[in-house]
1. Being open to solvent by less than 30 Å² (accessible area, probe 1.4 Å) and either more than 16 Å from the ligand (Cβ to nearest atom) or touching a helix residue (DSSP H, G or I) at 6+ places or on another chain (Cβ under 9 Å) (or both): is that true of Asn136 here?
2. Can you name every residue in segment 94-127 that is touching a strand residue (DSSP E or B) at 6+ places or on another chain (Cβ under 6 Å) and not hydrophobic (A, V, I, L, M, F, W, C)?
3. Go through the residues of segment 147-167 one by one and say whether even a single one is farther than 17 Å from Ile188 by Cα and among the small types (Gly, Ala, Ser).
4. Picking from Thr109, Thr49, Thr75, which residue would you name as being part of a helix (DSSP H, G or I), more than 18 Å from the chain's Cα centre (by Cα) and hydroxyl-bearing (Ser, Thr, Tyr)?
5. Please go through segment 145-192 and pick out each residue that is under 22 Å from Thr135 (Cα atoms) and outside any helix (DSSP H, G or I).
6. Name the residue that is surrounded by the fewest Cβ atoms within 10 Å (Cβ to Cβ), counting only residues in segment 189-209 that are over 13 Å from the mean Cα position of the chain (by Cα) and among the hydroxyl-bearing types (Ser, Thr, Tyr).
Amino acid sequence: MKKFIVAGNWKMNKTSQEADAFLKSLLEKLKPKAARELLLFPSFLSLPTFQSALAKSFVQYGGQNCYFANMGAFTGEVSPTMLKAVGATHCLVGHSERRTLFGETNLDTAKKIQALQETGLTPVLCVGETESERTNNTTLAVIEKQLIEGLSQSDFSKPLILAYEPVWAIGTGKVATAENIREVHAFIHQFCEQKYKIQLPILYGGSVNAKNCRELEAVEYVNGFLIGGASLDPESLLTIYGG
Ligand code: 13P
């Protein structure tokens with residue numbers, strides 16, 4: 001049975017002290033569920049806190065970004081090897097904030113996926129259209145390009161996760177409708193089956209919260225969530241995870 005993946009992207013929130021307090025409160029109530037995985041993406045600086053707090057836990061964690069070289073003169077960057085050394089198992093790649101605020105390209109995402117897979121980490125490639133791309137009816141074309149170029153260096157024999165995050169639904173409270181989500185997830189699912197002969201888990205992200213999560217979870221081809229704001233509070237994360 002494939003597990004439903006509940007993933008929280010903390011973005012640039014919480015100091016390592018706040019992360020420690022969050023994990024203490026989460027672990028007091030968290031009970032593992034056979035059919036679900038829990039995965040968190042804190043700031044790089046909180047990863048050592050996660051490593052010690054989660055040493056005996058089933059909760060996995062990872063980086064929000066990485067560079068595609070493993071060492072060298074790349075001031076300010078963090079490598080897949082460094083992430084692995086603090087117990088990270090996953091890393092986000094191509095989040096829309098990386099693309100729009102920091103100029104990350106599809107070619108960058110491709111190289112990062114390759115470097116992560118070579119290091120034994122699972123990349124989570126984020127794709128999604130902007131509001132104007134949706135209005136212009138180019139949603140599926142934009143996503144197809146992000147997939148073709150972003151997955152161009154991927155090894156499909158190794159773990160890989162996709163996340164569909166419509167840019168207009170991120171942090172806005174505007175959730176995509178079940179039909180919007182079903183259409184794009186079905187497209188991604190079929191595209192990967194036809195082009196790469198593989199079924200990859202596809203997470204949905206964009207204003208997921210404790211109130212709408214059950215309805216969104218029931219949408220066909222939704223294999224998990226990538227949650228921003230609602231993952232910052234242990235109670236709402238526990239509700240979305242399922243108690
Ligand atoms: P929100 O859940 O805050 O809309 O953020 C979604 C997101 O960008 C997760 O990566």
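The values are calculated or read from the model by the stated rules, or taken from the named source; none is laboratory data. Since the structure is predicted, the reported quantities are computational estimates derived from the model, not experimental observations. Ideal geometry is used to build each Cβ from the backbone, glycine not excepted, and the neighbour counts take in all protein chains shown. Surface areas here come from the heavy atoms of the whole protein model, side chains and all, with no ligands, DNA or RNA. Shrake-Rupley method; radii C 1.70, N 1.55, O 1.52, S 1.80 Å.
1. In short, no.
2. Once the filter is applied, which keeps residues that are touching a strand residue (DSSP E or B) at 6+ places or on another chain (Cβ under 6 Å) and not hydrophobic (A, V, I, L, M, F, W, C), segment 94-127 yields Gly94, His95, Thr109, Lys112, Thr122, Pro123.
3. Yes, segment 147-167 contains at least one residue that is farther than 17 Å from Ile188 by Cα and among the small types (Gly, Ala, Ser).
4. Thr49
5. Ala163, Tyr164, Glu165, Pro166, Ile170, Gly171, Thr172, Gly173, Lys174, Val175, Ala176, Thr177
6. The qualifying residue surrounded by the fewest Cβ atoms within 10 Å (Cβ to Cβ) is Tyr196.
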